[in-house]
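Notes follow the structure.
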Amino acid sequence: MWAAGQNIEAALLNPWTMFLRYVPWFVVETLLLHHYATTPGKWLLGLQVLNKDGSRLTLGESTRRSLRVLFTGIGFGWDLLAVFCQILSFFTTRRLGNTLWDHAGGHVVSAAPLNPFRTLVLVFLFFGAIQMQLVVISPYVLEMAGKSFPTIKAENDKNPPWHLPKRH
């Protein structure tokens with residue numbers, strides 16, 4: 001959005017925009033689980049999502065699974081709902097031995113032994129993605145926080161963090 005000159009602050013404040021950013025993820029995850037039984041992150045960790053009989057998920061099953069993850073796993077990406085869903089998922093997984101969305105669909109997650117190289121690649125990719133997101137989004141988050149808390153604005157004006165220039 002920054003490179004396209006879009007208003008990131010408006011997008012951060014619009015819950016529908018935040019929800020719609022999951023649409024590409026939903027489509028890609030659905031297709032990857034259907035065709036390969038894994039996604040790039042799951043592949044790096046040696047995980048596969050399969051039916052209980054060991055077969056791959058049909059397109060309908062992978063679509064329903066991705067919808068269940070979107071609703072009960074990440075709560076549409078909406079702040080407090082997402083936190084609640086993550087906590088619920090943690091305790092449900094501990095109790096059932098499987099995530100709620102896989103338990104409801106009759107799926108199992110098979111795991112290969114961890115490969116140190118794949119794990120290292122996953123860690124670097126994860127932190128790289130977080131850093132890229134922080135470089136672009138943090139100035140807007142600090143500006144929005146400064147509107148509510150003048151002390152943050154004063155500190156940010158005194159010691160501005162490095163960030164990409166704003167696009168207007």
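The values are calculated or read from the model by the stated rules, or taken from the named source; none is laboratory data. Only a predicted model underlies this, so the values are computations on that prediction, with no experimental measurement involved. We place every Cβ from the backbone using ideal geometry, glycine too, and count neighbours over all the protein chains shown. When the accessible area is computed, the model is the full protein with side chains, heavy atoms only, and any ligands, DNA or RNA have been set aside. Shrake-Rupley method; radii C 1.70, N 1.55, O 1.52, S 1.80 Å.
Identify which of the listed values of mean projected area of the Cα convex hull in nm² was calculated from the structure shown: [x] 9.5; [y] 12.2; [z] 13.4. Recomputing mean projected area of the Cα convex hull in nm² here picks out [y].
Between Phe76 and Ala112, the modelled label-to-label distance comes to 3.8 nm, taking each label 7 Å out from Cα in the direction of the beta carbon. Using the Cβ-Cβ distance between His35 and Leu120 with R0 = 25 Å, the FRET efficiency computed as 1/(1 + (r/R0)^6) comes to roughly 0.40.
Mean Kyte-Doolittle hydropathy of -0.5 or higher plus an axial Cα length of 24 Å or more: which whole DSSP H helices in the chain meet both? Intermediate results must be reported in sequence, preceding the final value.
Working: long enough: 79-96 (25 Å, 1.02); 116-148 (45 Å, 1.25).
Membrane-span-like by this criterion, though nothing is claimed about a membrane: 79-96, 116-148.
With contributions of -39500 (n - 2.57) from each DSSP H run of at least four residues, the per-residue ellipticity at 222 nm computed over the chain stands at -20000 deg cm²/dmol.
Which of the listed residues, Leu88, Pro15, Gln48, is farthest toward the dipole's positive end in the chain, when Lys, Arg count +1 and Asp, Glu count -1 at the beta-carbon? Result: Gln48, furthest along the dipole toward the positive end.
Can you tell me how much longer the chain between Val135 and Asn98 gets when fully stretched, taken as 0.36 nm per residue apart minus their C-alpha distance, in nm with one decimal? The partial results should precede the final answer.
Values: separation 37, 0.36 × 37 = 13.32 nm, distance 3.56 nm.
Separation in residues times 0.36 nm, less the Cα-Cα distance, equals 9.8 nm.
Label segment 76-129 by shape, choosing from rounded, prolate and oblate, from the square roots a ≥ b ≥ c of the eigenvalues of the Cα gyration tensor; if a/c is under 1.5 it is rounded, and otherwise prolate applies when a/b is larger than b/c, oblate when it is not. It is oblate, given that a/c is not under 1.5 and a/b is not larger than b/c. Rounded to the nearest 0.05, the FRET efficiency derived from the C-beta distance between Leu88 and Ser148 at R0 = 22 Å is 0.15.
Apolar share of the accessible surface for segment 1-140: 72 percent from carbon plus sulfur atoms, 1.4 Å probe. What you get for segment 4-87, charging only the Cβ of Lys and Arg (+1) and of Asp and Glu (-1), is a dipole of about 260 debye around the Cα centre.
How much accessible area per residue does the chain have, counting only protein heavy atoms and a probe of 1.4 Å, in square angstrom? Walk me through the numbers before you get to the answer.
Numbers: 11240 Å² over 168 residues.
Solvent-accessible surface per residue comes out at 67 Å².
The 3J(HN,Hα) values that the Karplus relation (6.51, -1.76, 1.60; θ = phi - 60°) gives for segment 97-108 are, in residue order, x, 7, 5, 4, 5, 7, 4, 5, x, x, 9, 10 Hz. Gly and Pro appear as x. Taking the chain as a Gaussian network, where each spring joins two C-alpha atoms under 10 Å apart, which residue of Ser148, Ser89, Ser110 fluctuates the most? Sorting by GNM fluctuation, first place goes to Ser148.
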